[in-house]
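Below you'll find the structure, written out as structure tokens, and then a few comments.
Since every read-out is calculated from the coordinates, none of them should be taken as a lab result. What you see is a predicted model, and the numbers here were worked out from it, not measured in a lab. Note that each Cβ is placed from the backbone with ideal geometry, even for glycine, and that neighbours are counted across all protein chains shown.
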Amino acid sequence: MSASLFNKYQARWKSSGSLLCVGLDSDVTQLPDCVRDEANPIWEFNRRIIDATEASACAYKPNLAFYLSDGQRGLEALQRTVEYIPAEIPVILDCKVGDIGNTMEQYAIAFFDHLRVDAITLNPLMGADVMRSILNRSGAFAFALALTSNASARDFFLDGGMAEKVSAWIGQFPEDKIGAVVGATQSQDLKRMRELLPGRIFLIPGIGAQGGDLDSVLRHAAESNERPNILINSSRGIIFREKTPQFALAAGHAARELNELIIV
């Protein structure tokens with residue numbers, strides 16, 4: 001097992017100056033025509049995207065759903081993608097699992113032991129038992145859903161009071177084992193979430209296609225200049241910037257442009 005994402009993130013941030021997480025939401029139905037006839041279109045697309053963006057990336061985040069939807073070929077693409085990403089760049093599997101007992105253990109075996117990602121996203125609804133497989137596995141790390149970026153998050157996390165409850169739940173566990181998913185679109189609540197969760201790495205979706213406010217994120221979610229403890233994710237806004245044969249070049253430009261705006 002590799003070093004924890006917590007340590008890999010700190011090392012990558014210091015060496016690259018990047019706080020950008022490139023989301024590999026590689027929807028096979030949205031791929032450029034120039035890769036659709038490849039034996040494995042998602043893999044070929046991802047390979048070119050990684051080559052074009054790795055200098056600007058602090059982490060990569062493949063979303064499991066887009067690989068499952070392409071069947072066995074998609075799972076092969078996911079495996080090859082994780083193996084291809086340079087070892088010093090953390091890989092977060094966006095799977096949002098959250099089960100208990102031997103079921104959660106099987107997820108952990110699949111994702112950490114076989115796929116060998118550095119972190120997963122996790123749904124904490126079933127309580128502290130969800131974390132047992134993470135805590136017992138060297139190097140494993142999870143980002144718990146604490147305040148998501150979708151509009152109806154208010155139904156549960158905000159008006160339902162779950163943001164505070166989940167924050168208290170996260171606080172039970174070591175910093176090098178668990179961080180939080182905090183949506184950029186919830187700009188009015190970013191400061192509160194940072195106050196509730198000092199020292200935690202925030203995985204922040206919602207910048208780009210979802211319209212999150214980058215300035216609010218940098219003002220309220222970043223912890224300090226020395227240890228910002230944020231990963232700002234952009235998926236569609238980078239990887240699908242263009243669907244021409246120059247898609248990878250366009251993605252590289254998009255990643256650099258956004259990275260240059262992330263100044264803490």
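General remarks:
- Whichever lysines have a C-alpha closer than 29 Å to that of residue 165, once near sequence neighbours (fewer than 8 apart) are set aside: 8, 61, 96, 177, 191
- By average C-beta atoms within 10 angstrom, highest first, the peptides 54-63, 77-86: 54-63, 77-86
- Placed amide H near residue 93: partners under 5 Å, 5+ positions off or other chain: 118, 119, 120, 121
- Relative contact order (%) - criterion: Cα under 8 Å, at least six apart; region: the range 23-118: 28
- Over the chain, dividing the summed -39,500 (n - 2.57) contributions of all DSSP H runs of at least 4 residues by the number of residues returns a 222 nm mean residue ellipticity of -10500 deg cm²/dmol.
- Answer label, with Cα extents along the principal axes in Å calculated from the coordinates and candidates [x] 121, 44, 32; [y] 46, 38, 34; [z] 48, 42, 36: [z]
- Averaging the sequence gap over all C-alpha pairs within less than 8 Å and six or more residues apart, then dividing by the number of residues, gives the range 5-261 a relative contact order of 21 percent.
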